Amino acid sequence: MGTLLTVENLGVVLDNQVIVEDVSFDVEENETLAVIGPNGAGKTTLFRAILGLIPYTGKVNWKKGVKIGYVPQKLYIDRDLPLTVREFFDLRGVGVTSRELSHFLSVVGFEGNEILGKRVGVLSGGEMQRVLIAWALCNHPNVLLFDEPTSGVDVSAEVSIYSLLNKLHNDEKFSIILISHELQIVDRYATKVICLNKNKVCYGAPREVLINKNLSELFGGDISLYHHH
Amino acid sequence: MDINTLILIFVGCFVGAAAGYLGSFMVLKRMSLVGDALSHVALPGMALAIMFHISPMIGAFAALLIAVIAVWYFESTSTIYPEALIGVFFTFSLAIGVLITPQPDLLEALFGNIQNISLLEGLLAIVLSLILIFVTRIISKKMVLGSISKELLESLGVTYKKINFVYLLLVGLVVALGVRFVGTMLMGALVIIPAASAKNVSKSMNAYFILSAIFGIFSALFGSLTGIYLGLSIGPCVVLVSVVIFVLTYLVKGSEARV
């Protein structure tokens, strides 16, 4: 197993404010890394930095030739945006064959191709998330970056998105880096956790990291994770 | 109607198509008001061009180029879009433009005059419109994706800032082409209204683009004809026709929503 991503001493300063400071971690192949932390902790900024979308200091080294699939946080799309799901896939530029598209749609749980004719603005939060996952899968990624997969999604869809992610992870053999609020989910699916609050508060396997001392340092107050043993 | 006028109406249709198509992205980016106000900047440029006896189209484009760079800069450096600042900047140029434009040319610069366009300018406008449409077509997917999510676009390895700059440059060009027809006050309307109308009735991006261009052509064509037959200024007639199209599409949208 090789290392897909190495991050060393990453720092991001935006508008003279330190958003992320001195963060180091790495991601191995076939691993699920969860990034947790309070609002404003710099989680999304960390993502944007490792994707190379914003300037940063320190080192971000991707394995050569790695393909990244990115699933953004909830998109705000006008209800009346004249864009069908099929056209949304076409926006990728490089042609996605109909067969491939059908395959990815079935992977994320859409039966048939009816969804392709719908407008993206009328999709439910859960449907949109699954479309975005399929969109990212079109890149045949080695690693999937997932920003708050379930914000704006109702609870039943939330559960199915995580089980979908887990299934994908097992079937398609790629690494996942995800930002999440749901500690239970992180505990269940992640192989490694990084707690972020500008700088790295804790880092390691969920069982070692998600302990009350770390969590209350991270989120403040009494937060604990109930372990189902 | 003489052959020259006919040719110029024909030219207007090309400019209308290019303006409608380019404007469709402005509406998607929710920058309609900027698109509208941008055209006011052409005025001081045209005024200087008239003073120095060069083509007003070149003067307009030079002024728009500066404005486009300013819009691009603000859009890419601020997290909050500084609409107020752009409003101030654009009305400022309009005021300066009105003051320095020679009085006899003012009305024409503000509201356009199709009769004063030379055939050569007309021909140039057709060629440029076609080039504009062609280049826009090349970047259209990236622009649409960028209007939905810059991150998604950039995750494909495309730099939004670059694409957006090319796009804004194209908008500057199309406005410079159009100010001769409908004037600096109203050219923005020809960029925005056809696209806004098309958005009312389109279910897909393809339909949206095609309708934006078609509504642009309709506005230019029927607006010019109305203006010529009634002996009215053409610019306002073009805009009024586009507004009629907007109202009609809005009603269609409303009736669909009730079904």
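The values are calculated or read from the model by the stated rules, or taken from the named source; none is laboratory data. From a predicted model like this one, the values you see are computed outputs, not experimental measurements. With ideal geometry, Cβ positions are generated from the backbone for all residues, glycine too; neighbour counts draw on all protein chains shown.
Of the candidates A:Lys173, A:Lys167, A:Lys200, the single residue that is surrounded by fewer than 21 Cβ atoms within 10 Å (Cβ to Cβ), closer than 22 Å to A:Lys74 by Cα and at pLDDT below 85 is A:Lys167.
Evaluate the range A:129-150: report whether one residue or more is of a type outside the set (Val, Ile, Thr), part of a helix (DSSP H, G or I), within 14 Å of another protein chain (Cβ to nearest Cβ) and surrounded by fewer than 16 Cβ atoms within 10 Å (Cβ to Cβ). Please lay out each step first, then the result.
Step one: filter the range A:129-150 for residues of a type outside the set (Val, Ile, Thr), giving A:129-130, A:132, A:134-142, A:144-149.
Next, from what is left, pick out any that are part of a helix (DSSP H, G or I): A:129-130, A:132, A:134-137.
Those left that are additionally within 14 Å of another protein chain (Cβ to nearest Cβ): A:129, A:132, A:134-137.
Cutting the leftovers down to surrounded by fewer than 16 Cβ atoms within 10 Å (Cβ to Cβ) gives us none.
No, the range A:129-150 contains no residue that is of a type outside the set (Val, Ile, Thr), part of a helix (DSSP H, G or I), within 14 Å of another protein chain (Cβ to nearest Cβ) and surrounded by fewer than 16 Cβ atoms within 10 Å (Cβ to Cβ).
Scanning the range B:176-213 for residues that are away from every other protein chain (no Cβ under 14 Å) and of a type in the set (D, E, K, R) returns a single hit, B:Arg180. Listed here are the helices (runs of 4 or more DSSP H) enclosed by the range B:91-167 that have at least 2 residues being surrounded by fewer than 20 Cβ atoms within 10 Å (Cβ to Cβ) and out of contact with any Ser or Thr (no Cβ under 6 Å at 6 or more places or on another chain): B:103-111, B:119-148.
State whether one or more residues within the range A:33-42 are under 16 Å from A:Thr6 (Cβ atoms), in contact with a Leu (Cβ under 8 Å, 6 or more places away or on another chain) and more than 14 Å from every other protein chain (Cβ to nearest Cβ).
Within the range A:33-42, the first condition is being under 16 Å from A:Thr6 (Cβ atoms), and the residues that meet it are A:33, A:35.
Going one step further and asking which of them are in contact with a Leu (Cβ under 8 Å, 6 or more places away or on another chain), we end up with A:33, A:35.
Filter once more, keeping what is more than 14 Å from every other protein chain (Cβ to nearest Cβ): A:33, A:35.
Taking every residue of the range A:33-42 in turn, at least one turns out to be under 16 Å from A:Thr6 (Cβ atoms), in contact with a Leu (Cβ under 8 Å, 6 or more places away or on another chain) and more than 14 Å from every other protein chain (Cβ to nearest Cβ).
Residue-wise test of (1) among the charged types (D, E, K, R); (2) away from chain A (no Cβ under 14 Å).
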site	(1), (2)
B:Arg137	yes, no
B:Lys142	yes, no
B:Lys150	yes, no
B:Leu153	no, no
B:Gly157	no, no
B:Lys162	yes, no
B:Val174	no, yes
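For the range A:70-80, the tally of residues that are more than 8 Å from every other protein chain (Cβ to nearest Cβ) and either within 21 Å of the chain's Cα centre (by Cα) or of a type in the set (Gly, Ala, Ser) (or both) stands at 4.
Can you confirm whether B:Ser118 is among the small types (Gly, Ala, Ser) and either within 15 Å of the chain's Cα centre (by Cα) or more than 14 Å from chain A (Cβ to nearest Cβ) (or both)?
Values: among the small types (Gly, Ala, Ser): yes; either within 15 Å of the chain's Cα centre (by Cα) or more than 14 Å from chain A (Cβ to nearest Cβ) (or both): yes.
Taking the combined requirement at face value, the residue satisfies it.
The criterion of at least 1 residues that are touching a Gly at 6+ places or on another chain (Cβ under 9 Å) is met, among strands (runs of 3 or more DSSP E) falling completely within the range A:22-125, by A:57-62. Look at B:Ala220 and say whether it is touching a helix residue (DSSP H, G or I) at 6+ places or on another chain (Cβ under 8 Å) and within 14 Å of chain A (Cβ to nearest Cβ). It is false that B:Ala220 is touching a helix residue (DSSP H, G or I) at 6+ places or on another chain (Cβ under 8 Å) and within 14 Å of chain A (Cβ to nearest Cβ).
Matching residues to (1) basic (Lys, Arg); (2) modelled with pLDDT of 90 or more:
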site	(1), (2)
A:Val13	no, no
A:Val18	no, no
A:Asp22	no, no
A:Glu28	no, no
A:Ala41	no, no
A:Arg48	yes, no
A:Leu51	no, no
A:Tyr56	no, yes
A:Lys63	yes, no
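The set of residues from the range B:97-135 being in contact (Cβ under 8 Å) with a residue 12 or more places away in the chain and of a type in the set (Ser, Thr, Tyr) comprises B:Thr101, B:Ser129. Filtering B:Ile228, B:Ile210, B:Ile131 for residues that are at pLDDT below 95 and over 14 Å from the mean Cα position of the chain (by Cα) leaves a single hit, B:Ile228. Residues that are surrounded by fewer than 24 Cβ atoms within 10 Å (Cβ to Cβ) and either under 24 Å from B:Leu145 (Cβ atoms) or in contact (Cβ under 8 Å) with a residue 24 or more places away in the chain (or both) within the range B:214-226 comprise B:Ile214, B:Ile217, B:Phe218, B:Leu221, B:Leu225, listed in sequence order.
Can you pull out every residue in the range A:55-65 that is exposed (fewer than 14 other Cβ atoms within 10 Å of the Cβ) and either within 14 Å of chain B (Cβ to nearest Cβ) or in contact with a helix residue (DSSP H, G or I) (Cβ under 8 Å, 6 or more places away or on another chain) (or both)? A:Pro55, A:Gly65 - these are the residues of the range A:55-65 that are exposed (fewer than 14 other Cβ atoms within 10 Å of the Cβ) and either within 14 Å of chain B (Cβ to nearest Cβ) or in contact with a helix residue (DSSP H, G or I) (Cβ under 8 Å, 6 or more places away or on another chain) (or both). The residue that is farthest from the other protein chains (Cβ to nearest Cβ), counting only those in the range A:81-117 that are among the acidic types (Asp, Glu) and buried (at least 16 other Cβ atoms within 10 Å of the Cβ), is A:Asp90. Whether any residue in the range B:170-190 is touching a residue at least 60 places away in the same chain (Cβ under 8 Å), over 15 Å from the mean Cα position of the chain (by Cα) and in a helix (DSSP H, G or I) is what I want to check. No, the range B:170-190 has no match at all.
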